[in-house]
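The values are calculated or read from the model by the stated rules, or taken from the named source; none is laboratory data. A quick note: this is a predicted structure, and the numbers were derived from the prediction, not measured. A quick note on method: Cβ atoms are made from the backbone with ideal geometry, for glycine too, and the neighbour counts reach across all protein chains shown. When the accessible area is computed, the model is the full protein with side chains, heavy atoms only, and any ligands, DNA or RNA have been set aside. Shrake-Rupley method; radii C 1.70, N 1.55, O 1.52, S 1.80 Å.
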Amino acid sequence: MDLKYSSEQDLLRDSAFGYLSSVYDYHARCRIVAGKEAIDRSIWAKFAELGWLALPIPEEDEGIGGDAVDLSVVMEALGSRLVVEPFLPTVVLGAGLIDLLATGEQRAILAEVAQGTAMLALAHQERGVPFGSPRVETRAERSGEGWSIRGAKILAIGAGLADHVLVPARISGAIDDAEGVGVFVVSRGTPGLELTEYPIADGRRAADLSIDIAGLSDSALLGGCENALPALEQVIDKAIAASCAYVVGGLDMLIRLTRDYTAGRSQFGKPLGRFQVVQHRLAEMQVKRIEARAAMQLAAIRCDGPRIERIRAISAAKVKVSEAARYIAHQAVQLHGGMGLTEELSVGTYLKHVLTFERLLGDTDDHLRRYAQLLADGRIDVRRGLVNEGAEA
Amino acid sequence: MDLKYSSEQDLLRDSAFGYLSSVYDYHARCRIVAGKEAIDRSIWAKFAELGWLALPIPEEDEGIGGDAVDLSVVMEALGSRLVVEPFLPTVVLGAGLIDLLATGEQRAILAEVAQGTAMLALAHQERGVPFGSPRVETRAERSGEGWSIRGAKILAIGAGLADHVLVPARISGAIDDAEGVGVFVVSRGTPGLELTEYPIADGRRAADLSIDIAGLSDSALLGGCENALPALEQVIDKAIAASCAYVVGGLDMLIRLTRDYTAGRSQFGKPLGRFQVVQHRLAEMQVKRIEARAAMQLAAIRCDGPRIERIRAISAAKVKVSEAARYIAHQAVQLHGGMGLTEELSVGTYLKHVLTFERLLGDTDDHLRRYAQLLADGRIDVRRGLVNEGAEA
Amino acid sequence: MNLDLTAEELAFRDRIRTFIEAALPEQIRNGAAVNVASAFEYDISHPWHEILRDAGMAAPGWPVEFGGTGWNDVEQYLWRMEHWRAGAPVISQLGMRLVAPTLLHFGTPEQKARFLPRILSGEDYWCQGFSEPGAGSDLAALSCAAVRDGDEYVVNGTKLWQTHAHFADWMILLVRTSSAGKPQQGITCLLVDMRSPGLSIKPIRTIGGDIEVNEVFLDDVRVPADQMIGAEGDGWSIAKHLLSVERASSGNAGGRLRSNMASLMRMLDRRENHVPDAFGERTLMAKIARRAIDVDIVEMLELQLLQSTLDDHAGGAGASVIKLRSSIVEQEINELSLEVVGPEVVRWNDHRPLHEVDAGQEELERLAIAPQYLNGRVRTIFGGATEVQLGIIEKALQASL
Amino acid sequence: MNLDLTAEELAFRDRIRTFIEAALPEQIRNGAAVNVASAFEYDISHPWHEILRDAGMAAPGWPVEFGGTGWNDVEQYLWRMEHWRAGAPVISQLGMRLVAPTLLHFGTPEQKARFLPRILSGEDYWCQGFSEPGAGSDLAALSCAAVRDGDEYVVNGTKLWQTHAHFADWMILLVRTSSAGKPQQGITCLLVDMRSPGLSIKPIRTIGGDIEVNEVFLDDVRVPADQMIGAEGDGWSIAKHLLSVERASSGNAGGRLRSNMASLMRMLDRRENHVPDAFGERTLMAKIARRAIDVDIVEMLELQLLQSTLDDHAGGAGASVIKLRSSIVEQEINELSLEVVGPEVVRWNDHRPLHEVDAGQEELERLAIAPQYLNGRVRTIFGGATEVQLGIIEKALQASL
């Protein structure tokens, strides 16, 4: 049992927080978001230089071979500044899914990601499909040596920037079958791939995809795999763990901002921070943050483990972090008074990110249902503690 | 539109609160509960004298002909002192159901109730049957000129005291049919009626019934009615409205007790009541009480109206009053510190009543489901306000 | 007790319902439905103001001699309910509901004659000048100063959170005319022409993307002394009166909340291609029931306030209870709306006002949900923050028997 | 990072699991399962104490020379987890976990030699004498006074909330020996024989029906001066140390909460004749999931504390966060248990201890749910009320970078 960061992780943490605090204050972020692409490519290049983009990529694919805890360290730092560059879609979702599925030549994309020369996106969401459902309406059909794909996807974060978009499509079976789904790599500019890009609430960009592609090469199907939903579930779980770390980074910032604002601002003749209800509110925020952080770390630890324990930790984290984040962001705005509701301060932007975090990758009820199902099936035993007890138990 | 008490209701209110404050302090209640019957019959006689037992009974049955708002006035006063005498089972449930169903000679019981010479109970709950379900396992069968009844009931409040117990039993149809249920009047001592009496958490007593009765006279079936479930639903709704009033009476007392205790008790050098978190806690308690009171009054107003609007108001009241009561009772205990957890003060007894209130007659989830079903069916229109708009709207 | 309308009230209700249905242009109704700021956009509320004015119904609460309708409390209540029901905007919030009552109560006959008709007609649009960067909930701390100079006051200072100041012709301003005595003393109320030299406005963008509030800078702004309300030093009691009017009239909260619920139910009905998941759907419906119950109870509290029975049980703090609860319930409905729409609620369009965006009404209504939620956080901050209301309610509780 | 046990730890865990399974009498396990007071009943915990003593495992946390086992932190953690898992009671709460650490830290060699062996053996059962009618969370306000008279102190005053004082042989008592200076000064710590003349006990019944706490009256009680811990006036720092030990060791909260969840799941499985209502059942299951998640996170916090990483992020207030959350989560599990059992949870039996009632174990477990909920309200009051913990957490937040 070891819950301490390794010395490498401590270094990574210092470097990540240090670098971002030097280049990524709120005003810098506002400028980036207002720009044409809504990202800063020089910062992305620096991410590559610092090795962050190579972090979870295996060493044999020119990566660093880090684990989910390493990833959580970087995500927490990114979240503390609400970094908009597409780390999650490129490194966690895109490279993560390629790593799980791709074989041979297909894996070359991983080196491009590590070097910062390729951005990726995952376009898995279809309109009206609930979290965790195996439903895939987008269809892939054999045509000669290759594939043709037709369908539509929505809310693909970072797809407008992506050099390659990963598109799950149904190769066989009925629309809700658990098997028969493959993931295709579709490169930017492929005829028949139409992207409609738009901002989402927190300033990042997403795109809807209209897909009517013919003649995609045989090698576009990752790993030749026609049973990719388990890998998709796994990579989405990793993305949830990473997103939780990102949010937790922001929560720490929100609490500091609020503590400092209430210390400096007087009302009714004394600093707001000396009113007992404000003090207890800050303490409640802190308690929820500490819980959220524990949940996020548990999720990172469990990310690469067996499925049931992974789901138990990931869904727990999504539920706890969502609840904590909403409470903390609401109270941060409340305690900043009117100022918290303006774009002049960063507080509201954190709230906007919390809004998107809560709605994407399954909401609280979705995750409670997923957890409850495992409880009802007896696959989660409430008497079992968190410590891995080995094969016997 | 009139939300003021009538002058008669003001008088009734003054008399009810006045009488009970003179005879029913916490220590008097403790003595009564510790007694053999766990009620005080001289107080019951006084209730009769004051006209409370006759309140909802029609004038033609030697009653006063009051409405549900009149009843709520008395219930609120009874609840402020946690009166244990069986007003709810006798007057609201028992007399209420007889009034709805009984014909001819059967109605004579109403006069006995009004005069205080008969106590009643309703034994409708069967083990494991959810709130609102039409399921009745107890069976009644014709035998010659009369009836035989077999079955079991649980948690019949006040049944150990009752001169007559009202027993719903299935006369025809499958176990879950909406029709085919009648209500039988079974008098104390009827052979084949076995009662097992026990206390419930708040000090009142209930009984389980084991029923194997033969040769019950034909006139035992109230009104000869074999479709009594709608009347049962209606009288249970009335009992919920009345119980809400009872609880709200207690909440007022809890808040006063807590206000006064925190004003008198010092900690860290000043009265507890001067700590801002205590002040805001008291205010939150007060807000919830005021909401609960509004819900209770709406329920009383709607009690005798059309079914949908009745359910809308009754289920709303059960939900709001439950939530308010749990919060207020918990906080009252918390702010009394250790003292709130002892039998020396009355605070904990109110909490015990809240516990029973929440669990009986449908819990919060049951009532949310009932309300949600009407919403889903379009029978509650959220755009419609509370003001009765006449037939057109 | 009963909640029945009399035959006369029913007839009145039918009459105004018919009137509003006929008079309200679809464009205004649609615009109001996608209004994401706290106040209704000027270009939505002003045309409706003109329609009501022409119908003689712009100022129901005013005395008849100034253009009021002579309706009683119940009729005014029904009027407001029907507004929300029809999806009509609230007009001229500041002028009608704050400045006019203040003038009626404290103004000179000349001031009434000069200002009221132009508020009624819509010629003058008003904003308030109370809050300052250092004085929000705590008005007594205000420092914007006015010095008498002959027949004029010379005003210097900064005001913050002036809703629609960028549309306004006039501002009702609180200034400090003396720093002697308690801070509540020495506050004075002036009416200021927004075109006065030395007055400038800095719009502030909210997190919902809207420009609704402003910072207003006063640099040697000269205000004629006959534009003072009451006497020098009366400002505190005028402001207190005005804020109590605001609190009491912050309703019709029930109607507003019902309109929020109606919007939520529309979102529910419109979800496309929703894979039926009985449990998820029913869970959502139970949550909606929870909010619907809250709305029912807020409305019941308002009816109790209207019938003067609420304060018996709230020690006089009934309006605070309603303000506190209605703002929280509104926020909770907003949160539930996010959940009802699901992932697609994160789509964002920056253009304001949203009703100008070239898209279908259904899409606009969906795009409105996230900014309404964000801007809606203001409900528990402005107009007396939740923490302030709790303080008022507690004091009332301590003072009650 | 990982949560794996080493092979040695696994072997240790297996060994103690096997030991407890073999050693724990069913009667004690059943009694513990229907224990409705906060502490385990004396007649449950004492026999288990004797079993552990005979096995040399009564005092794992003590130094080996006094009878400790020499286990490291992880091993002690596993030991406690296995206790909860097996349904074993916690033994001699006060003596083992409060008095002994205090003696070990502040006691003279003579005091250690005199008292520790008898705590270990179970011969002496201890209670605390800190709180007073006027000094609960605010210990500095205590007024029970001791005056030196030769080799003795003469004590007069009243103590309140003494858990199991009616079973105790000894009491660790805080008294005021001086009223000069700050109220924290002048507090002294004495060890008092409960059979001393002048000492009397008034049992207090809780709302759960139990006699667990007491009021203790001291009327000219004479205490030999060699039963003082530390010096005169050291009482405040001794109490602070002791309370911090209590807070840190208030765990294994995770194990306790898991055992509460296990009881809730048993109630769920046992519901008789339950008409299947898929929606209601699934709603309940989602609520149970919510609580199960809370338990997972409390346990994670405890593991972080065990590994000394929690306080980095809690500014040193990690133990307070765990105390606060574990007490609230326990209360929420209790509330959910009421809901799981349904209407029949209102049945009441007055007899205590409940395990003496002549009924089946399943019925007793159901009868225990309501009193456990009621008595469980104490969790957020005693051992540092929630409000006190919030104050500690806020101070730590202010002091952090």
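Classify the protein assembly as shown from the C-alpha gyration tensor, please: rounded if a/c falls under 1.5, else prolate or oblate depending on whether a/b exceeds b/c.
Cα axes put the protein assembly as shown in the rounded bin.
Compute the accessible area per residue over the range A:297-363, keeping the other protein chains in place, probe 1.4 Å, unit Å².
I get 19 Å² per residue for this part.
Residue by residue through the range A:378-387, which ³J(HN,Hα) values in whole Hz follow from phi under the Karplus form 6.51 cos²θ - 1.76 cosθ + 1.60 (θ = phi - 60°), with glycine and proline marked x?
For the range A:378-387, the Karplus curve yields x, 8, 9, 9, 5, 6, 6, x, 7, 5 Hz.
Expressed as an acute angle from 0 to 90° and rounded to the nearest 10, what is the orientation of the C-alpha long axis of helix B:229-264 relative to the principal long axis of chain B?
20
Calculate how many DSSP beta bridges within the protein assembly as shown are antiparallel, expressed in % of all such bridges and rounded to the nearest 5.
The antiparallel fraction comes to roughly 85 percent.
Determine the dipole magnitude for chain B: charges of +1 sit on the beta-carbon of Lys and Arg, -1 on that of Asp and Glu, nothing else is charged, the reference point is the Cα centre, and the result goes in debye to the nearest 20.
For chain B, the charge dipole is close to 1820 debye.
Mind checking the log10 I(q)/I(0) for chain C at q = 0.09 Å⁻¹? Debye, one equal scatterer per Cα, no solvent, two decimals.
The calculated log intensity ratios at q = 0.09 Å⁻¹ are -0.57.
Rank B:Ser148, B:Pro56, B:Gly94 by how far each Cα sits towards the positive end of the charge dipole of the range B:1-151 (+1 on Lys, Arg Cβ; -1 on Asp, Glu Cβ) and give me just the farthest.
The one lying farthest along the dipole's positive direction is B:Ser148.
When averaged across all projection directions, what area in nm² does the alpha-carbon convex hull of chain B cover? Working shown, then result.
Working: hull surface 82.0 nm².
The Cα convex hull of chain B, projected and averaged over all directions, gives 20.5 nm².
Out of residues 5 or more away from C:Arg205 or on other chains, whose amide H comes under 5 Å of its own, with H placed 1.01 Å from N in the peptide plane?
Amide H neighbours of C:Arg205, under 5 Å, 5+ apart: A:Glu343.
Classify the range B:7-118: rounded, prolate or oblate, from the alpha-carbon gyration tensor (a ≥ b ≥ c, eigenvalue square roots; a/c under 1.5 rounded; otherwise prolate if a/b is larger than b/c)?
oblate
Farthest toward the dipole's positive end in the range A:230-387, which of A:Ala317, A:Ala372, A:Pro271, given Cβ charges of +1 (Lys, Arg) and -1 (Asp, Glu) about the Cα centre?
Of the candidates, A:Pro271 comes out farthest on the positive side.
Could you tally the net charge around A:Gly35, taking each other residue with its Cβ under 12 Å from the Cβ of A:Gly35, Lys/Arg +1 and Asp/Glu -1?
Residues near A:Gly35 contribute +2 overall.
To the nearest 10 degrees, how steeply does helix A:276-302 sit against the main Cα axis of chain A, on a 0 to 90 scale?
30
Structure shown: which of A:Lys270/C:Lys159; B:Lys4/B:Lys320; C:Lys202/C:Lys395; A:Lys352/C:Lys159 lie over 31 Å apart, alpha-carbon to alpha-carbon?
C:Lys202/C:Lys395
Where the centre of each part is set by its Cα atoms, how far does the range D:51-88 sit from the range A:162-195, in angstrom?
Cα centres, the range D:51-88 to the range A:162-195: 57 Å.
Rounded, prolate or oblate: which fits the range B:128-205 when a ≥ b ≥ c are the square roots of the eigenvalues of the alpha-carbon gyration tensor, with rounded for a/c under 1.5 and prolate only if a/b beats b/c?
Note, shape of the range B:128-205 comes out oblate.
Relative to the longest principal axis of chain C, what angle (0 to 90°, nearest 10) does the C-alpha long axis of helix C:7-23 take?
The helix C:7-23 is inclined about 90 degrees to chain C.
Using the heavy atoms of the protein chains alone and a 1.4 angstrom probe, what is the accessible area of chain D per residue in square angstrom?
So chain D comes to 36 Å² accessible per residue, rounded to a whole number.
What is the spin-label model distance, in nm, from B:Ser21 to C:Leu104 if the labels are put 7 Å beyond Cα along the C-beta direction?
3.9
I'd like the residues of the range A:263-282 whose 1.4 Å-probe accessible area shrinks by no less than 40 Å² going from the isolated chain to the full set of protein chains.
Hits at the 40 Å² cut-off: A:Arg265, A:Gln267, A:Phe268, A:Gln276, A:Val277, A:His280.
5 Å is the cut-off here: which amide hydrogens, built 1.01 Å from N in the peptide plane, fall below it relative to C:Val90, excluding neighbours closer than 5 in sequence?
Under 5 Å from the amide H of C:Val90: C:Phe40.
Work out the mean other chain Cβ neighbour count within 10 Å for the residues of D:319-328 and drop it here as an integer. Write out the running numbers ahead of the final one.
Details: counts 0, 2, 8, 2, 0, 3, 5, 0, 0, 1.
Shielding by partners across D:319-328 averages 2.
So how do C:222-234, B:254-266 stack up, highest first, on mean other-Cβ count within 10 Å?
Result, highest mean first: B:254-266, C:222-234.
First select every other residue whose beta carbon is under 9 angstrom from the beta carbon of A:Val181; then total the charges, Lys and Arg +1, Asp and Glu -1.
Numbers: positive: A:Arg170; negative: A:Asp177, A:Glu179, A:Glu226.
Net of charged neighbours comes to -2.
Which residue of chain A is nearest the rotation axis onto chain B, counting by its Cβ, and what is the distance in whole Å?
A:Gln276, 2
In Å², rounded to the nearest 100, what is the total accessible surface buried by chains C and B against each other with a 1.4 Å probe?
Interface area, both chains combined: 5100 Å², rounded to the nearest 100.
Toward the positive end of the charge dipole of the protein assembly as shown, about the Cα centre and with charges on Cβ (Lys, Arg +1; Asp, Glu -1), which of B:Ile32, B:Ala169, B:Gly182 goes farthest?
About the Cα centre, the residue reaching furthest to the positive side is B:Ile32.
Find the centroid of the Cα atoms in the range A:23-52 and in the range D:3-21, then give the distance between the two in whole Å.
50
Roughly how many debye, to the nearest 20, is the charge dipole of the range D:9-104 about its Cα centre, given +1 on each Lys and Arg Cβ, -1 on each Asp and Glu Cβ, and no other charges?
Computed charge dipole of the range D:9-104: roughly 140 debye.
Per residue of A:345-355, count partner chain C-beta atoms within 10 Å of its C-beta, then hand back the mean as an integer.
For this peptide, the per-residue mean of nearby foreign Cβ atoms is 3.
List the residues of the range C:339-365 for which accessible area in the full set of protein chains is at least 30 Å² lower than for the chain on its own; 1.4 Å probe, protein heavy atoms only.
The answer is C:Glu339, C:Pro343, C:Glu344, C:Val346, C:Arg347, C:Trp348 - residues whose exposure falls by at least 30 Å² when every protein chain is included.
Got a number for carbon plus sulfur as a percent of the protein assembly as shown's accessible area, 1.4 Å probe? Could you put the intermediate results ahead of the total?
Values: 28050 of 55910 Å².
Solvent-exposed carbon and sulfur of the protein assembly as shown make up 50 percent of the total.
By average Cβ neighbour count within 10 Å, what is the ranking of B:239-252, A:211-224, C:253-266 from highest down?
For the peptides B:239-252, A:211-224, C:253-266, the packing ranking is B:239-252, C:253-266, A:211-224.
Which distances in nm, rounded to one decimal and ordered from shortest, link the label point of B:Asn227 to the equivalent label points in the other identical copies, with labels set 7 Å from Cα toward Cβ?
5.8
Would you kindly derive the ³J(HN,Hα) couplings of the range B:113-128 from the backbone phi angles with the Karplus curve 6.51 cos²θ - 1.76 cosθ + 1.60 (θ = phi - 60°), listing them in order in whole Hz, with x for Gly and Pro?
Rounded to whole hertz, the list is 4, 4, 7, x, 9, 10, 10, 10, 8, 10, 10, 9, 6, 10, 4, x.
For C:Asp358, place a label point 7 Å from Cα along the Cα-to-Cβ direction in every copy; what are the distances to the other copies, in nm, shortest first?
Nearest to farthest, the other copies are at 8.9 nm.
I'd like the distance separating the alpha-carbon centroids of the range A:241-308 and the range C:341-401, in whole Å.
Using only Cα atoms to place each centre, the spacing works out to 23 Å.
For label points placed 7 Å from Cα toward Cβ, what is the shortest-first list of nm distances from A:Glu197 to its copies?
Nearest to farthest, the other copies are at 8.0 nm.
Summing +1 for each Lys or Arg and -1 for each Asp or Glu, what net charge is found among the other residues whose Cβ lies under 11 Å from the Cβ of D:Ala385?
Taking every Cβ under 11 Å from that of D:Ala385, the sum is 0.
Using the Cα centre as the reference, give the magnitude of the dipole from point charges on the C-beta atoms of the range B:176-290 (Lys, Arg: +1; Asp, Glu: -1; all else neutral), rounded to the nearest 20 debye. Don't skip to the end; give the middle numbers.
Working: 12 positive and 15 negative charges, 329 e Å.
The calculated dipole for the range B:176-290 is roughly 1580 debye.
What number comes out for accessible area per residue over the range A:122-226 if the probe is 1.4 Å? Units Å², please.
Roughly 39 Å² per residue, with all protein chains present.
Need one value for A:119-128: mean number of C-beta atoms belonging to other chains within 10 Å of its residues' C-beta atoms.
Per residue, the number of nearby Cβ atoms from other chains is 2 on average.
Skipping prolines and chain starts, which residues have an amide H placed within reach, meaning under 5 Å, of the one on A:Gly66, given they are 5 or more residues away or on another chain?
Correct list: A:Ile57.
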